[in-house]
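Nothing in this text is a laboratory measurement; each read-out follows from the coordinates by a stated rule. The structure displayed is predicted, hence computed values, not measured ones. Cβ atoms come from the backbone with ideal geometry, glycine included; neighbour counts cover every protein chain shown.
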Amino acid sequence: KEELALHLINNSQHEPQLYQHSYFRSTIVLLLALLMILVLIGIAHALVIYRAVAMALFMQSEAGLLSRHADTIAVMTGAVLHYLTIVIMSKVSSHRGCLAAFSMASPPLIVSLCPAEKPRTFSQGENNFTVKIFIFQFFTNFSSLIYIAFFLGRINGRPGHYVRVAGHWRLEECHPSGCITDLFIQMAVIMVLKQTISNIMEYLIPWISHRLRKKKKSPKKRSMMLGEEEEAEDPCKRQWLNNYELNEVDGFSLFNEYLEIVIQYSFTTIFVAAFPLAPLLALINNVIEIHMDAIKMMRLRRRMVPRKAKDIGIWLQVLEAIGILAVIGNGLVIAITSDFIPVQVYKYMYSPCARENHTSMDCSTGYINNSLSVFHIRDFEPHTKVLPEFNGLCCRYRDYRNADDYTYTVQFWHIFAARLAFLILFEHVALCVKLIAAWYIPDVPQKVKNLILKEKHSNLQNELRWVMPWKVPG
């Protein structure tokens with residue numbers, strides 16, 4: 001309604017753009033979006049292959065430090081590469097292309113998606129662009145984390161039947177202390193790099209651009225744009241000129257700030273069970289970034305043209321979606337990634353406390369030994385060379401398999417059922433608590449609502465004084 005009113009104010013002969021829908025255009029947009037998502041998933045697979053190859057090379061290294069900590073170093077270097085892919089793909093996918101049809105800015109990669117939909121209004125095009133950019137950024141930031149949280153160590157096979165890359169390199173396994181350690185390391189590296197290097201570059205680039213613009217503006221050009229006497233006499237025009245010499249802004253200057261906060265909110269909620277320090281790092285980053293953004297917006301960029309908005313728009317739905325994903329993600333991390341459920345199943349079904357009433361011992365005693373299965377050396381892959389003197393020996397590995405045919409034991413299915421039951425219970429309870437909190441806590445404070453109500457009442461009284469002065473007192 002407001003956009004239509006603005007169009008009519010600017011052009012009284014304006015014709016409204018009618019609603020339209022095309023299955024062909026929607027199919028093309030869907031296919032292009034899926035293609036982009038597949039590219040991001042392919043990048044995550046490349047990082048998986050890198051970690052498998054890097055761990056094999058580090059273990060064969062002559063340096064003692066590399067060979068002893070090959071798995072940890074492979075995870076950390078993989079996290080650094082993941083951060084670099086985040087930076088590159090963010091530059092590739094998040095340029096301002098969708099709203100080019102509305103004369104906003106120069107079109108780039110996603111220009112092939114949003115204009116193909118032919119949005120009816122600027123707001124609709126902005127919403128389409130926001131959703132697509134968030135989806136691409138989400139897969140860019142979290143594809144590798146999702147693999148580590150839910151697939152690492154579960155698709156690499158077992159001794160004697162390993163899954164290998166190109167038939168040579170084994171897929172990496174979880175850290176000896178558990179799969180949640182790998183997720184902790186990955187998130188720590190990404191958040192520290194993202195909140196330090198990215199913020200420094202976010203401030204340095206506008207600062208360097210501002211300095212270069214000031215050097216190009218010579219005193220002669222300045223005097224040509226505004227006479228020296230007039231500049232000295234009129235401080236307002238001098239302020240306008242100083243503002244004009246700052247970096248340019250457009251409709252996407254605040255969009256990137258919104259996107260950064262939303263991605264940070266995703267990091268602090270979706271996998272917070274594995275990385276409890278994420279909210280603390282986000283708090284420290286935001287305290288520093290508030291001041292940096294204030295300097296950047298007040299001293300390095302031109303003043304933005306204000307645009308009326310009743311709320312944050314589509315970003316509210318995006319935050320709601322993140323809240324639901326956070327409940328599901330943390331439930332999966334606790335149920336699948338961590339050892340919380342296997343430990344509880346062992347305590348109440350397989351520990352000495354379950355068989356006899358032992359009150360003087362810890363019920364988790366013997367859990368590590370219970371979680372290891374037996375593998376016979378003679379059952380290695382045919383192409384693996386095993387010395388004859390080792391054929392009668394066996395080794396232990398983390399899994400719940402029988403020692404004869406390597407099928408899953410009954411305890412594995414008990415743990416699987418307990419994980420599924422916990423996941424369902426956790427998600428339902430957490431979502432109920434979320435809905436109750438959303439109902440109990442108002443979205444807009446009562447003070448703000450009352451101020452808006454009084455302002456509307458005052459405006460209506462002023463209008464009625466002109467229309468019906470005899471009915472309005474005073």
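Side notes on the structure shown:
- Between region 252-292 and region 438-463, the alpha-carbon center distance in angstrom: 30 Å
- Cross-link pairs Lys237/Lys296; Lys310/Lys454; Lys310/Lys434; Lys310/Lys447 - those with Cα-Cα distance over 20 Å: Lys237/Lys296; Lys310/Lys434
- Note on Gln411 and Lys216: the extension gain reaches 62.8 nm, defined as 0.36 nm multiplied by sequence separation minus the Cα-Cα distance.
- Amide N proximity, region 169-201 versus Ala294 label position 7 Å along Cα-to-Cβ, cut-off under 11 Å: none
- Relative to the compact-globule estimate of 2.2 N^0.38 Å, the Cα radius of gyration of region 332-375 comes out at 1.25.
- Interchain or long-range residues, amide H under 5 Å from Arg301's placed H: Asn247
- Size descriptors for region 24-98: radius of gyration and Dmax over Cα atoms are 17.5, 60 Å.
- Hz values of 3J(HN,Hα) by residue in region 128-136 - Karplus curve (6.51, -1.76, 1.60), Gly and Pro given as x: 4, 5, 4, 5, 5, 5, 5, 4, 5
- Relative packing of peptides 172-180, 253-261, 453-461 - highest average C-beta neighbours within 10 Å first: 172-180, 253-261, 453-461
- For the peptides 123-133, 45-55, the ranking by packing is 123-133, 45-55, with the highest mean count of neighbouring Cβ atoms within 10 Å listed first.
- Shape category assigned to region 278-338 from the gyration tensor of Cα positions, a/c cut at 1.5: oblate
- Hz values of 3J(HN,Hα) by residue in region 322-335 - Karplus curve (6.51, -1.76, 1.60), Gly and Pro given as x: 5, x, 5, 4, 5, 4, 5, x, 5, x, 5, 5, 5, 7
- The distance between label points at Ala437 and Arg158 comes to 4.1 nm (points 7 Å beyond Cα on the Cα→Cβ vector).
- Between region 171-208 and region 12-81, the alpha-carbon center distance in angstrom: 15 Å
- For Arg170, the residues whose amide H sits under 5 Å from its own are Val165, ignoring neighbours fewer than 5 places away on the same chain, with H placed 1.01 Å from N.
- FRET efficiency estimate (nearest 0.05) - Cβ-Cβ, Gln344 to Ser67, R0 35 angstrom: 0.45
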